[in-house]
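Novice: Dumping the structure here so I can ask a few things about it.
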Amino acid sequence: MDIRGRWAVVTGAASGIGRATAVRLAQAGAARVTLLDVNAAGLAESAALVAAAGAEAETGRLDVGDLPAVAAWLDRTLADGAPDILHNNAGVVSGPAAFPEMPLDRLRWIVDVNLTSLVLMTERVAQAMHPRGGGVIVNTVSTVALGPGFRDAMYAVTKAGVMMLTRCCASLKEEWGVRVAGVLPGLTDTPILHTTGRDRAADWMAPVLANNERCTPDDIAAAVIDLIADDGLAGGDWVAVRRENGAVTRQWGHDTPV
């Protein structure tokens, strides 16, 4: 998709990968970038960067863990049309106390933030894109969805669900003109690392931090832009982004609709 002149929506846009993607979208010529997050102060900072990069920046304080609020936002927004691009980026880690000691409300929260709200956004925005000729949806997954397991079980489970949703949407490219793709960040230097424990990285993260190079948010945002721009990609395709020996590496996955 040619990003120039397009309307893009980015969730989790107050910092990290969401902010970097929003700025890159503006730099690529997007006319309008809608920034969604629960962090109002961070949203304002992101909006200023997007505007400086040349796009109209609009913000909406939205807690994607509040499903009725997500549905209401979709009702209001899609009544006036559909975005051309959606980056479903918002996500959280479990934090203490993690599974199998996590209370019920916390279990519901991480599933709703990382998975249920993303399913809802994908479904409703795809429905709105369809009669307008289609669009592109990029879901932020994680390389933990490719691995043998992860200490934060609920984070891994929800991200595996996002991966499967992305792959199951492969046929939408041909059927609706809506291409759904996935970006799988490796370890990335974002504020989420400091929420695995109590105001710092959890102790169990120490070997992860010691044995993996950290991507920058812009490393991941660059891959998101490439996923959006390349209409030659099949629906359901994904790219994992890591840093190895100081260089960014990409691992591509291609799915065939069945």
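What follows draws every value from the coordinates through simple rules; no lab data is involved. Quick caveat: nothing in here was measured; it's all calculated off a predicted structure. All Cβ positions, even for glycine, are placed from backbone atoms using ideal geometry, and neighbour counts span all protein chains on display.
Novice: Could you work out the Rg to Rh ratio of the stretch 68-202, with Rh taken as the Kirkwood radius (inverse of the mean 1/r over all Cα pairs)?
Specialist: On the way: Rg = 15.9 Å, Rh = 15.8 Å.
Rounded to two decimals, Rg/Rh equals 1.01.
Novice: Dividing the alpha-carbon radius of gyration of the chain by 2.2 N^0.38 Å (N being the number of residues), what value is obtained? Write out the running numbers ahead of the final one.
Specialist: Values: Rg = 17.1 Å, N = 258, 2.2 N^0.38 = 18.1 Å.
So the Cα radius of gyration is 0.94 times the expected 2.2 N^0.38 Å.
Novice: Output the peptides 66-77, 31-42 sorted from most to least packed, where packing is the average of other Cβ atoms within 10 Å over each peptide's residues.
Specialist: Details: 66-77: 14.7, 31-42: 20.1.
The densest-packed peptide leads the list: 31-42, 66-77.
Novice: Once the Cα atoms of the stretch 56-102 are picked out, what are the Rg and Dmax in Å?
Specialist: Rg and Dmax of the stretch 56-102, Cα atoms, are 14.8, 44 Å.
Novice: Sticking with this structure for a sec: Stokes-Einstein diffusion coefficient for the stretch 214-257 at 25 °C in a medium of 0.890 mPa s, Rh from the Kirkwood formula over Cα pairs: what value in µm²/s? Don't jump to the answer; show the numbers that get you there.
Specialist: On the way: Rh = 11.3 Å.
Approximately 218 µm²/s, per Stokes-Einstein.
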